[in-house]
Amino acid sequence: MIERKGDWLSARVGDEIMMMSPEHGKYIGMNEVGARIWELIETPSDIATVCATLVREFEVSPEDCEAEVGSFLAEMEKHGAVSVDRA
């Protein structure tokens, strides 16, 4: 399961999302796909559900989607923006 965590504030700017964490003093900018993932995990979700939606909405294979979403989530974990239970 993937869950948002921390005190991250976000705002949409065109197709992108800008985020900031007052707690961590960090800023993150996300492109259109990252922004969509952030929206999809507004409620806890799993990678398969997120990828199923992204494959329908973007031109990406299921395999590439899973790899890219995994990389994205790993980076977001480093920033303390999400927690991922891979069990």
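For the reader, a short list of remarks on this structure follows.
- Selection status of Asp7, of a type in the set (D, E, K, R) and farther than 19 Å from His79 by Cβ: no
- One residue from Val60, Val84 being among the β-branched types (Val, Ile, Thr), touching a helix residue (DSSP H, G or I) at 6+ places or on another chain (Cβ under 7 Å), free of Cβ contacts under 8 Å to residues at least 12 places away in the same chain and surrounded by 11 or more Cβ atoms within 10 Å (Cβ to Cβ): Val60
- Residue check, Glu77 surrounded by fewer than 17 Cβ atoms within 10 Å (Cβ to Cβ) and within 16 Å of Asp15 (Cβ to Cβ): no
- Of Ala35, Ala74, all but one fail to be without any contact (Cβ under 8 Å) to a residue 24 or more places away in the chain, under 16 Å from Met1 (Cβ atoms), of a type outside the set (Val, Ile, Thr) and outside any loop (DSSP other than H, G, I, E, B); the exception is Ala74.
- Any hit, the stretch 47-56, residues being assigned to a helix (DSSP H, G or I), within 12 Å of the chain's Cα centre (by Cα) and in contact (Cβ under 8 Å) with a residue 40 or more places away in the chain: yes
- Residue count for the stretch 40-56 under the criterion of being charged (D, E, K, R) and surrounded by fewer than 12 Cβ atoms within 10 Å (Cβ to Cβ): the result is 2.
- Screening Lys5 with (1) touching a residue at least 60 places away in the same chain (Cβ under 8 Å); (2) touching a His at 6+ places or on another chain (Cβ under 9 Å); (3) charged (D, E, K, R) gives one miss only, at (2).
We did not get these values from a lab; they are worked out from the coordinates using the rules stated. None of these values were measured; they are calculated from a predicted model. Note: ideal-geometry Cβ built from the backbone for every residue, glycine included; neighbour counts use all protein chains shown.
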